[in-house]
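A short worksheet on the structure shown next.
Taken together, the values in this text are just the output of simple stated rules run on the coordinates, not laboratory data. As the structure is a prediction and not an experimental result, all values here were calculated from the model.
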Amino acid sequence: MVIDISGVSSIMSSLGSIFVAGFVLLIILSSAIKVVPEYRRIVLFRLGRLVGSRGPGIVFIVPFIDRSVTVDLRILTLDVPVQEVITKDNVAIKVNAVVYFRVLDPARSVVEVENYIVATSQLAQTTLRSVVGSVELDEVLSSREKINQELQKIIDERTDPWGIKVSAVEVKELELPEGMKRAMARQAEAERERRAKIIAAEGELQAAEKLSEAAKKMEASPVTLQLRYLQTIREISGERNTTTFFPIPVDLIQPFIEKLSSKETKE
């Protein structure tokens with residue numbers, strides 16, 4: 001039996017060529033087909049020109065001609081580093097914030113700015129210094145919601161050409177100098193003392209008004225004075241009190257008082 005070695009070699013070489021061609025084709029197909037999740041988009045550039053954004057689902061790309069850039073559409077949290085700011089009333093404070101934003105237009109976020117995350121971070125830092133530096137310390141402490149809204153408005157307007165939507169900006173921490181903390185503590189203590197004095201004065205005024213009304217009623221009805229006298233004796237007499245009180249009616253000594261008064265008048 002004679003085996004044609006040349007025929008076997010040609011068959012093997014043909015199989016090898018087919019295998020290599022299939023492998024190359026598989027690689028090309030795998031690079032040409034992309035599965036894009038719901039929260040992402042692919043921005044396509046064909047020979048350098050913007051084609052648009054694709055996704056979600058299966059996206060076909062022409063190998064060696066198309067270039068794709070993946071963009072995340074989920075809300076991103078950007079931590080603004082601590083910024084040292086001098087307020088309008090010349091108080092040095094340290095403040096940081098957090099920015100919540102997302103990509104609305106993937107194509108513009110890739111074409112209009114080199115790195116939209118870094119650009120948004122730098123813009124948030126400069127805006128935070130500008131806004132906090134334009135108000136006084138008391139307003140920073142009491143009107144933080146107003147400052148948050150102003151920061152969100154300014155950053156959102158400036159990032160809109162990049163296809164970015166800023167949903168919220170929150171000032172997280174505010175660090176004051178130690179001297180300012182002590183001064184604010186003294187101010188708060190003085191304010192509490194002022195309120196306490198005002199409350200005490202109002203109480204004295206109300207007590208005086210009530211005593212004046214009570215005196216007028218006792219003057220109109222002398223019996224109320226006698227009842228008040230008996231009530232006072234009852235309050236003084238306790239279970240452990242060794243002193244005994246005997247109330248004397250005013251009517252009993254009234255004749256003697258009148259006689260004494262008439263005698264003094266005659267004299």
Both in Å, the radius of gyration and Dmax of the C-alpha trace of region 60-114 are 19.0, 61
Partner aspartates and glutamates whose C-alpha sits under 19 Å from that of Lys153, ignoring same-chain residues fewer than 8 away, are Asp79, Asp105, Glu139, Glu145, Glu170
Taking every alpha carbon pair in region 142-233 and sorting the distances into 5 angstrom bins from 0 up to the bin holding the longest one, the percent per bin comes out as 2, 10, 8, 8, 8, 7, 7, 7, 6, 6, 5, 5, 6, 4, 3, 3, 2, 1
Region 46-195: spread of alpha-carbon positions along the three principal axes, whole Å, largest first, is 77, 24, 21
Over region 120-178, the quotient of the Cα radius of gyration and 2.2 N^0.38 Å is 1.17
Expressed in angstrom and ordered largest first, the alpha-carbon extents of region 26-134 along the principal axes are 67, 25, 21
